[in-house]
Amino acid sequence: MLRGWPAASSAESKPLPLSGTGAGEIGDCIVFVGNLILGFDYDTMSKVLKIPDEKFRDKIKKTIEDNLSTIRRELGVTESDQWDEQTLNNMMAEEFRKREDQ
């Protein structure tokens, strides 16, 4: 995984989440989904949320920034550019294959 991060239900850094996962059942099947957060627009998110009192908008943005990180934020733009979607998908697929073999 990235920089020695342990395989877990969500990857974290300092210990902010960088990913999320979910699972459910559809008929006789179990479905697993996940994501890695490459980048996130905190400003836009704080603007689109329905907030009853505008004076709380900056507090909401700060709360999101304090509780959610991204690969780009943790590694910097230059280093994070090597972690494109295809590279990350291949890494995750490889990690799942390793678990299948156990």
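Coordinate-derived values only; no laboratory data. Quick caveat, the model's predicted, so the values are computed rather than measured. All Cβ positions, glycine included, derive from the backbone under ideal geometry; neighbour counts span all protein chains shown.
Descriptive notes on the structure:
- Taking every DSSP helix (H) stretch of at least 4 residues in the chain, weighting each as -39,500 (n - 2.57) and dividing the sum by the residue count yields a mean residue ellipticity at 222 nm of -11500 deg cm²/dmol.
- Pair-distance distribution of the chain: all C-alpha pairs, bin width 10 Å, starting at 0; shares per bin in whole percent are 13, 37, 30, 16, 4, 0.
- Crossing angle, helix 57-67 versus the chain [Cα axis fit, 0-90 degrees, rounded to tens]: 30
- A Förster radius of 30 Å, combined with the Cβ-Cβ distance separating residue 89 from residue 59, puts the computed FRET efficiency at roughly 0.25.
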